[in-house]
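Below is one structure, written out as structure tokens; comments come after it.
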Amino acid sequence: MRRSIIITILILNYLFLSGQSLKRKSLTKADKEHTVRWRYEYRSKEGFFGESLLLFKSGRYKYEAGGCLQGFFSEGRWAVVGNEMILNSDVKKNDVPVSVSYTNDTSDIVNAFKFGIVRNRKGDLMTDAFVIINNDSVKCLPMAGGCVGTYNRIDSVRLQFENGFTSRWMGIANNDKHVLIRAEVDIKIEGYKSFDNVKYRLHGKLLIPDKQ
């Protein structure tokens, strides 16, 4: 079972990275109620993989892709420049926004660890968030209350998620309080796809991925 899940995830990642042309579809009643301007979709012949892209009149987009065992999603801004559709996600892969606070409260602390379990703005636990200490030399998982590697002093930290997303480096005050790092997003990073000037070529009813 585990092997089949891994194979499925690899296939979905391959399909996502290889890029598929999306075809414009008729708007549903719900689309119109939510001020969607255009709906684009792709479905594989076997039916195990699909993509949908909703482009709202406000200039926002909502993207979803995946199959029965793995899914991706993204939200952000879209724009048309010439014959190209350009997507930019709200969250960038190397710049997850975060904030730091200090506390004596131990409700989110495991094993008297220095760092609390990471949460997002909604308060959702982000159990796949690692705290990287001092230029990648030490990797800690607040959910488990432990680290791989040791440190004597904390100079700087950043968050790193299992899917490769990271925050910027941040300085940390040296005091006896616990450190709480909050991801300043309303989503869970797991399954999120970052779009940084991702381009599609407009061709009739098709959006064709720019392979360059």
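So, in region 74-89, how many residues would count as being crowded, with 17+ Cβ neighbours inside 10 Å and within 13 Å of the chain's Cα centre (by Cα)?
Looking only at that region, the number is 4.
Out of all the residues in region 94-144, which are of a type in the set (Asp, Glu) and either surrounded by fewer than 15 Cβ atoms within 10 Å (Cβ to Cβ) or assigned to a strand (DSSP E or B) (or both)?
ASP95, ASP105, ASP124, ASP136
Considering only region 16-49, state which residues are assigned to a helix (DSSP H, G or I), modelled with pLDDT under 95 and surrounded by 14 or more Cβ atoms within 10 Å (Cβ to Cβ).
Applying the first criterion (assigned to a helix (DSSP H, G or I)) to region 16-49 yields 16-18, 29-33.
From the residues that got through so far, the ones that are modelled with pLDDT under 95 too are 16-18.
Listed by number, the list holds a single entry, PHE16.
Go through region 181-194 and report how many residues are at pLDDT below 95 and within 18 Å of ILE132 (Cβ to Cβ).
So the count comes out to 2.
Give me a count of the residues in region 162-192 that are assigned to a loop (DSSP other than H, G, I, E, B) and either surrounded by 19 or more Cβ atoms within 10 Å (Cβ to Cβ) or among the hydrophobic types (A, V, I, L, M, F, W, C) (or both).
Residues that pass the stated criteria total 8.
Do we find a residue being without any contact (Cβ under 8 Å) to a residue 24 or more places away in the chain, crowded, with 18+ Cβ neighbours inside 10 Å and part of a strand (DSSP E or B) anywhere in region 147-161?
yes
Could you grab me the full set of residues in region 95-126 that are more than 21 Å from the chain's Cα centre (by Cα) and free of Cβ contacts under 8 Å to residues at least 24 places away in the same chain?
Of everything in region 95-126, just one residue is more than 21 Å from the chain's Cα centre (by Cα) and free of Cβ contacts under 8 Å to residues at least 24 places away in the same chain, namely SER107.
Taking the condition farther than 30 Å from LEU53 by Cβ, of a type outside the set (Asp, Glu) and not assigned by TED's automatic domain parsing to the domain that holds TYR63, does THR127 pass?
Judged against the criteria, THR127 is not a match.
Check off (1) closer than 19 Å to ILE109 by Cα; (2) at pLDDT 95 or above for ASN174 and give me the number that stays unchecked.
(2)
Looking at VAL96, is it out of contact with any helix residue (DSSP H, G or I) (no Cβ under 7 Å at 6 or more places or on another chain), β-branched (Val, Ile, Thr) and closer than 30 Å to ARG43 by Cβ?
Against the criterion (out of contact with any helix residue (DSSP H, G or I) (no Cβ under 7 Å at 6 or more places or on another chain), β-branched (Val, Ile, Thr) and closer than 30 Å to ARG43 by Cβ), VAL96 does not qualify.
Does SER52 satisfy the condition of being within 19 Å of ILE187 (Cβ to Cβ), without any contact (Cβ under 8 Å) to a residue 60 or more places away in the chain and not in a strand (DSSP E or B)?
Here the answer is no, as SER52 does not meet what is asked.
Given the conditions (1) at pLDDT below 95; (2) more than 30 Å from ARG153 (Cβ to Cβ), which single one is not true for LEU55?
Looking at each condition in turn, LEU55 falls short on (1).
When residues of region 193-211 are filtered for being touching a strand residue (DSSP E or B) at 6+ places or on another chain (Cβ under 8 Å) and either of a type outside the set (A, V, I, L, M, F, W, C) or surrounded by fewer than 19 Cβ atoms within 10 Å (Cβ to Cβ) (or both), how many remain?
Residues in region 193-211 being touching a strand residue (DSSP E or B) at 6+ places or on another chain (Cβ under 8 Å) and either of a type outside the set (A, V, I, L, M, F, W, C) or surrounded by fewer than 19 Cβ atoms within 10 Å (Cβ to Cβ) (or both): 13 in total.
The values are calculated or read from the model by the stated rules, or taken from the named source; none is laboratory data. Fair warning: this is a prediction, and the values are worked out from it, not measured in the lab. Don't worry about glycine lacking a Cβ; one is built from the backbone with ideal geometry, like all the others, and counts go over all protein chains shown.
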